[in-house]
1. Restrict the search to region 69-113; then list the chymotrypsin sites (Phe, Trp or Tyr not before Pro) that DSSP places in a loop and that have at most 10 other Cβ atoms within 10 Å of their Cβ.
2. At 7 Å along Cα-to-Cβ for each site, give me the label-to-label distance between ALA14 and LEU26 in nm.
3. Would you work out which of THR30, PHE94, GLY12 lies farthest towards the positive end of the dipole of the chain? Charges go on Cβ: Lys and Arg +1, Asp and Glu -1.
4. Taking the Cα centre of the chain as origin, work out the dipole magnitude from +1 charges on Lys and Arg Cβ and -1 charges on Asp and Glu Cβ, in debye rounded to 20.
Amino acid sequence: MPRRPYHPPEQGRAGQVIDVVVILALVFGTLWAPAFLGLTGAGTVTRPLADPTWQDLGQTPAMQQAWESLGMTPETAAPAILTRFDYSIDPLAFGLTAALLVAYFGFVLRLSGKEYRDVIAERFGEDEGEGAP
């Protein structure tokens, strides 16, 4: 039986434009959502220090000179020096993120498997494609 050439379905220009707009909206939303939800900078801890000096802040003379060249005093540099990231992990948020990733991975595998079977059936016919793994 001669093989017929395979011609994949083509997407129109309107479909391509819609795809681009949706992808851009998803990327923008993903990058903007943490700021909108107030999740940026929440993991920082600032140790208060009354009347700080360069020595209290643990700065060497070279560091002090660098801060002063930026126009900073011990009082204005203290928040930047004393603010540290809080590296604690919220188990609930971690579990929710892991569950979401596993569910998405399962969804992608299921959908791509269905599409793979559809392409094989379209290319080789229903009878020949059914026995393929």
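1. The qualifying sites are TYR87.
2. Spacing of the two 7 Å Cα→Cβ label points: 2.2 nm.
3. Ranked along the dipole, the leading option is GLY12.
4. About 240 debye.
Rule-based calculations on the coordinates, nothing more; no lab input. Small disclaimer: the values here were computed from a predicted structure and weren't measured. Neighbour counts are summed over all protein chains in view; Cβ atoms, including those assigned to glycine, are modelled from backbone coordinates with ideal geometry.
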